[in-house]
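The values are calculated or read from the model by the stated rules, or taken from the named source; none is laboratory data. Everything quoted here is computed from the prediction, not taken from an experiment. Here the Cβ is made from the backbone with ideal geometry for all residues, glycine too, and neighbour counts use every protein chain on show. Side chains included, ligands, DNA and RNA excluded: accessible areas come from the protein's heavy atoms. Shrake-Rupley method; radii C 1.70, N 1.55, O 1.52, S 1.80 Å.
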Amino acid sequence: MATTHLTDDCIFCKIIRGEIPSHKVAETDKSYCFLDINPLSEGHALVIPKYHAQFFHELPDDHLADLLPLAKKVAVASGLDQYNLLQNNGAMAHQVVPHVHFHIIPKPSQEQGLKIGWPQQQPSQDDLKKTLGRIKEKL
Ligand code: 5GP
Ligand code: ZN
């Protein structure tokens with residue numbers, strides 16, 4: 001396995017290298033999937049790239065392209081009916097481990113799994129147009 005893109009002091013890099021034990025679900029050359037140690041519901045798993053980066057946008061496209069098919073495979077194998085696929089970037093956005101990871105979180109009932117706050121705003125059409133302009137300028 002290529003370990004050139006891993007770091008020494010990251011807990012998920014250590015899991016990929018096998019230096020910290022994990023309950024491996026599946027892996028590819030570029031990605032690794034294992035059970036979350038403190039699940040929000042039974043079967044809560046994490047899919048991570050074998051490439052150390054804190055943020056989603058820092059990942060090379062080939063690693064990114066490998067992650068979602070693996071997440072899909074695990075979701076199908078888990079027999080999940082309803083679930084959330086979640087990816088946090090930055091401490092304010094609830095990222096605790098600074099190595100990109102997608103959570104696959106089964107939602108077996110209202111009480112179990114992910115609980116989401118959804119504080120919707122009501123921007124005007126003008127505000128939406130300004131936002132669109134700002135984003136498209138940098139695309
Ligand atoms: P975050 O809040 O960064 O999106 O989520 C990090 C996740 O990693 C948490 O759900 C936490 O339970 C999980 N986690 C942290 N350390 C370990 C570990 O050593 N082993 C496993 N299997 N999961 C971990
Ligand atoms: Zn790492």
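Could you tell me whether any residue of region 69-88 is more than 16 Å from ligand 2 (Cβ to nearest atom), in contact with an Asp or Glu (Cβ under 9 Å, 6 or more places away or on another chain) and not in a loop (DSSP other than H, G, I, E, B)? Looking through region 69-88, at least one residue is more than 16 Å from ligand 2 (Cβ to nearest atom), in contact with an Asp or Glu (Cβ under 9 Å, 6 or more places away or on another chain) and not in a loop (DSSP other than H, G, I, E, B). Sort out which residues of region 19-51 are within 14 Å of ligand 2 (Cβ to nearest atom), open to solvent by less than 80 Å² (accessible area, probe 1.4 Å) and not aromatic (Phe, Trp, Tyr), and write them in order of number. Of everything in region 19-51, those that are within 14 Å of ligand 2 (Cβ to nearest atom), open to solvent by less than 80 Å² (accessible area, probe 1.4 Å) and not aromatic (Phe, Trp, Tyr) turn out to be ILE20, SER22, LYS30, SER31, LEU46, VAL47, ILE48, PRO49, LYS50. Here region 89-104 is the region considered, the condition is being out of contact with any Phe, Trp or Tyr (no Cβ under 8 Å at 6 or more places or on another chain) and not in a loop (DSSP other than H, G, I, E, B), and the residue that is nearest to ligand 2 (Cβ to nearest atom) is PHE102.
A quick yes/no check of all residues on (1) outside any loop (DSSP other than H, G, I, E, B); (2) among the aromatic types (Phe, Trp, Tyr):
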site	(1), (2)
LEU6	no, no
CYS13	yes, no
ILE16	yes, no
ALA26	yes, no
TYR32	yes, yes
ASN38	no, no
LEU46	yes, no
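The set of residues in region 78-107 that are open to solvent by less than 90 Å² (accessible area, probe 1.4 Å) and modelled with pLDDT under 95 comprises SER78, GLY79, LEU80.
Any chance region 105-116 includes a residue that's within 16 Å of ligand 2 (Cβ to nearest atom) and part of a strand (DSSP E or B)?
No, every residue in region 105-116 fails to be within 16 Å of ligand 2 (Cβ to nearest atom) and part of a strand (DSSP E or B).
Looking only at residues in region 53-66 that are of a type outside the set (A, V, I, L, M) and away from ligand 1 (no atom under 14 Å from the Cβ), the one that is least open to solvent (accessible area, probe 1.4 Å) is HIS63.
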